[in-house]
Amino acid sequence: MKRLLTLLIVLVFLTFAAFKGAVWWLADQRLAEARLALDEYGVLERGSIGSGADGRLVLTNGRWQDFRLTQPLESGRVEFDAGSPVALLTALADPGELPGEWLLRAEGLGLKLDATMFRNWVTAEGTNVEGDPALLVLPCAPDPRQQLGSGDLMRMGITGLAGELLVQQTANGLYGELNTAGTGSLELDWPGARLDLMAPEDTLASSDAPMAITVRDGGLMRRVAAYCSREAGLDTMEWARRATGALEQGLNARGLAASEQLLALYRQWLLEGGELKFAIEPSEPWLGIPVREADSEGQGAGWEVAYNGAGVPDIYLEILPPEPETAGESEEESPDTNGNPAVQEWYVEPVGTAGQWIGRQVRVTLSNDNVVEGRLVSVSDRELEVARVVAGGEVAYPMLLRAVSGFEVWRRGRSE
């Protein structure tokens, strides 16, 4: 009997050791594959690998260094709970065979802020490849092109971002939660959805149900509004109007207009923050936000949004009617291009021809209606530079080409 008991203890110990070794080896292989797959985006450091006999995989002291950022994202503890040892081994052997129910929890997430979080080559390239104006713009300086950045957050006393992440797959759908210290939280609940690690794009088509999202700002927006309005030399209401105007311009550039209630809600959120609840459809255009024709006012349901527990009606987007163009107008413009050769005056020129006018006096109108007049110094693929005389010297003002809405040259007219 004693020998049998000893044999059972040895077998249990060997089985446990084999399980721990298999989990460590499989996890190391999967993380090495992930490191290679992410090689062009950044560097993944897995940290130490641990496991539990109840089907848990634990990674401690991991790190992700995105090539675009100057600071890494660090994680104190990441735990994947598959529900059972067999389910864990199966998932590690084939990530496409995740169990029907699992839980991922990350604790001790931290990202230290730097005055310039994005590397120079990232900011030089820009973020909008289509060239359309950005939708969410929070100006934080007298120049409205200077937006809220990591340096501003540090001056507000926010030196880093820290929090916890929870992702849970159940038979009913997918649930996620991100909680941060002092900068708000985000919750999502997507009934019927299933996360597919091997084909993430299939996740969007895994459910026809809308994704319910809850956003809480944790008092951040009041701090941002107070700081940015002070830096821009505006009162908070005027600053909010400027930011709301940027949203309008961005939508207009895409052929859309926001309803009055949508603009009012956005302005209120900028000023007060609070809790927003809404639903999106990730596979639909504009995430399922209703888009109406210009002549269909009052038809169709609006976007269901709740602000601080109260429903907000009439939230939708509207398609802008095309601007009429007549042949007569284009015919009238052509003689003005030539003008009178004996008279110097301002002539409108296509911004694409700016390179022909280097050294000449120009007048540039920006999308925010600001006008800069001076000597054209240089033109590149993404910006032009105008020098103005200030206190006996010249100061150069670089301007992005996509922000230029008008370009004029002080010149004589051309003869026919």
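Computed from the coordinates by the stated procedures, all read-outs in this text should not be read as laboratory data. Keep in mind that what you see is a predicted model, and the values were worked out from it rather than measured. Cβ coordinates were reconstructed from backbone atoms using ideal geometry, including for glycine residues, and neighbour counts include every protein chain displayed.
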Order of 73, 317, 7 - criterion: other Cβ atoms within 10 Å of each residue's Cβ, fewest first: 7, 73, 317
Positive-end residue of 168, 16, 73, charge dipole of the chain with Cβ unit charges: 16
Computed [θ] at 222 nm, helices only, for the chain once each DSSP H run of length n ≥ 4 contributes -39500 (n - 2.57): -9000 deg cm²/dmol
Trypsin sites (Lys or Arg not before Pro) restricted to DSSP loop in the range 49-106 with at most 14 other C-beta within 10 Å: 68
For 260, 45, 40, 74, order by how many other beta-carbon atoms lie within 10 Å, fewest first: 40, 260, 45, 74
Unit charges at the beta carbon, dipole of the chain: most positive-side option, 195, 62, 282: 62
Pairwise FRET efficiency - residue 146 versus residue 195, Cβ, R0 = 45 Å, nearest 0.05: 0.70
Value of D in µm² per second that Stokes-Einstein yields for the chain, Kirkwood Rh from Cα pairs, at 37 °C (0.692 mPa s): 125
Nearest 10 degrees, 0 to 90: helix 260-272 Cα axis against the chain principal axis: 70
Positive-end extreme of charge dipole, the chain - chosen from 44, 356, 153 (charges on Cβ): 44
Ranked 412, 222, criterion: other C-beta atoms within 10 Å, fewest first: 412, 222
HN-Hα J in Hz across the range 23-36 - Karplus 6.51, -1.76, 1.60, θ = phi - 60°, x for Gly and Pro: 4, 4, 5, 5, 5, 4, 5, 5, 5, 5, 5, 5, 4, 5
Long-range HN-HN contacts of residue 146 with modeled amide H, under 5 Å: 140
The chain, dipole about Cα centre (Lys/Arg Cβ +1, Asp/Glu Cβ -1), debye to the nearest 20: 2260
Cα pair distances of the range 183-280 binned at 10 Å [whole percent]: 14, 31, 31, 19, 5, 0
